[in-house]
Amino acid sequence: MTYSVAAGVGGSRAGLSWPVAALATQGGPVLSGQRDSQLSAARSRRVTSACFAFVVLTAAAAVSQTLDGSPLSLPSLESLRTMLAPNLSPTSRPSFNDGELVTQPTTATLSAASMTAATAPTVAARPAPAATPPPGPVNLGPSPAVMTALTSALAVRGTPYVWGGASPGGFDCSGLVQWAYRRAGIALPRTSQQQSLVGQPVPPNQLRPGDLVFFYNTVHHVGIYLGNGAVLNAPQSGDVVRITAMNRMPFHNARRVA
């Protein structure tokens, strides 16, 4: 059965017979072409709804003409294209991968991404810090003057103690110290009390060979420190110049004179 409807979809002139089935499928090729080239996954449902509305309106036109003989004005295909156009993205084109719609970026989008990557600032790698050389060894050995004084004092070991003596013929404690350091070019006072005030003070835990060590609360004895808690001294009457353990006498203070 055929029905007479308006010539062309959306036209106003009647008189041509057009099968309803043919009219209903007019939008098929257009929609197929739109789907193949431009549809996106997010907008496909709205496009399908527009198609369905177009078919329903076409069928309604045929029914209306059958009932009262007056044609019903329908939207044209160009109107359908205009309705679908906002659903298409100008910066992407759809493609199908295993039946799923995939949106691919256009050349303009790729170019912008390439320019962003090309103009991104490059952070230069920081050079590794230079290795700090270890500190050189600290020379804590005796100075040449101290070595001379020590050698001279050790050479007269066994010399008898003589009160007031300051020569190899006999020494008292301060006379031995004065004589040994004089041979090293260093002048010292004569008595132990005077000697305990010259040079630089030294804590007991920082004593070095050659330091002068003094004993008793009121200083009245002195010796030359040799290291390892040993002192070279002229102890007392009836004794000789010899090495004595430092802890055998009450320590008072120490001085460094060279």
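Observations
- For first residues located in segment 131-150 and within 13 Å of Val257 (Cβ to Cβ), partners that are part of a loop (DSSP other than H, G, I, E, B) and modelled with pLDDT under 95 and lie 6+ apart or on another chain with Cβ distances below 8 Å form the pairs Ser143/Ala258; Ala145/Ala258; Val146/Ala258; Ala149/Ala258; Leu150/Pro142.
- Number of the exception - Leu140 against (1) farther than 30 Å from Ala234 by Cα; (2) at pLDDT below 60: (1)
- Positions within segment 223-242 being touching a residue at least 60 places away in the same chain (Cβ under 8 Å), touching a helix residue (DSSP H, G or I) at 6+ places or on another chain (Cβ under 9 Å) and surrounded by 14 or more Cβ atoms within 10 Å (Cβ to Cβ), in sequence order: Ile224, Leu226, Leu232, Asn233, Ala234, Pro235, Val241
- Residue count for segment 215-242 satisfying the condition of being more than 13 Å from Val146 (Cα to Cα), under 60 Å from the mean Cα position of the chain (by Cα) and among the β-branched types (Val, Ile, Thr): 2.
- Of all residues in segment 185-205, those that are among the charged types (D, E, K, R) have Cβ atoms under 8 Å from Cβ atoms of residues that are surrounded by 14 or more Cβ atoms within 10 Å (Cβ to Cβ) and at pLDDT 95 or above, 6 or more apart or on another chain, in Arg190/Ala166; Arg190/Ser174; Arg190/Gly175; Arg190/Gln178.
Residues checked against (1) outside any loop (DSSP other than H, G, I, E, B); (2) touching a Ser or Thr at 6+ places or on another chain (Cβ under 9 Å); (3) at positive phi:
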| site | (1), (2), (3) |
| --- | --- |
| Thr148 | yes, no, no |
| Arg157 | no, no, no |
| Ala184 | no, yes, no |
| Leu226 | yes, no, no |
| His252 | yes, yes, no |
| Arg255 | yes, yes, no |
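- Scanning segment 186-214 for residues that are part of a helix (DSSP H, G or I) and within 60 Å of the chain's Cα centre (by Cα) turns up Gln195, Pro204, Asn205, Gln206.
The values are calculated or read from the model by the stated rules, or taken from the named source; none is laboratory data. Note that this is a predicted model, so its numbers are computed, not measured. For neighbour counting, all protein chains shown are included, and Cβ atoms are generated from backbone atoms with ideal geometry for every residue, glycine included.
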